[in-house]
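Q: Questions regarding the structure given below will be posed in turn.
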Amino acid sequence: MTDRNFEKAKAKLSVEHPKSISVGNGNVGYVLQAKDGLLVASKDGNTEVATFKTMAEVDNYEKQKLAQAEAAKKEAERKKLKPLRFH
């Protein structure tokens, strides 16, 4: 979903958009607040939707996603730098 399409869809819904969060690798998670909780919609290679009851849970989710992205980046770099073995 593009940012423009997100803005159009949000305008049709009865939700607030209190903030956006980073989900790693430069990708954004859109935090939507409804009457009964919060939803984060993001696309970081896969479309993902997660629901929460509090903003503190959303903040923890952001930290978790950033840590996962950083770990994946380090693993990719480690594999790329793996020494060659000669027989």
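Q: Do you know which residues across region 44-62 are modelled with pLDDT under 90 and buried (at least 16 other Cβ atoms within 10 Å of the Cβ)? Even if it seems obvious, please write down each step before you answer.
A: Residues of region 44-62 that are modelled with pLDDT under 90, as a first pass: 44-49.
Correct list: ASP44 only.
Q: Same structure again: For residues that are of a type outside the set (Val, Ile, Thr) and part of a strand (DSSP E or B), scanning just region 34-43, find the one that is modelled with the lowest pLDDT.
A: Let us first name the residues in region 34-43 that are of a type outside the set (Val, Ile, Thr), namely 34-39, 41-43.
If we keep only those that are part of a strand (DSSP E or B) as well, we get 34, 37-39, 41-43.
Details: ALA34: 86, GLY37: 91, LEU38: 92, LEU39: 89, ALA41: 87, SER42: 84, LYS43: 71.
The qualifying residue modelled with the lowest pLDDT is LYS43.
Q: Okay, moving on. Being assigned to a helix (DSSP H, G or I) and open to solvent by less than 60 Å² (accessible area, probe 1.4 Å): is that true of VAL31 here?
A: Values: assigned to a helix (DSSP H, G or I): no; open to solvent by less than 60 Å² (accessible area, probe 1.4 Å): yes.
Here the answer is no, as VAL31 does not meet what is asked.
Q: Looking for whichever is surrounded by 15 or more Cβ atoms within 10 Å (Cβ to Cβ), of a type in the set (Lys, Arg) and either modelled with pLDDT of 90 or more or not in a strand (DSSP E or B) (or both) here; the options are LYS65, LYS8, LYS82. Which one fits?
A: Just one listed residue meets the conditions, LYS65.
Q: When you scan region 44-69, how many residues do you find that are among the aromatic types (Phe, Trp, Tyr) and either more than 14 Å from LYS19 (Cα to Cα) or more than 9 Å from the chain's Cα centre (by Cα) (or both)?
A: Adding up the residues that qualify gives 1.
The values are calculated or read from the model by the stated rules, or taken from the named source; none is laboratory data. Computed from a predicted structure; not experimentally measured. Every residue, glycine among them, receives a Cβ derived from its backbone with ideal geometry; neighbour counts consider all protein chains shown. Side chains are part of the model used for accessible areas, which takes the heavy atoms of the whole protein and leaves out ligands, DNA and RNA. Shrake-Rupley method; radii C 1.70, N 1.55, O 1.52, S 1.80 Å.
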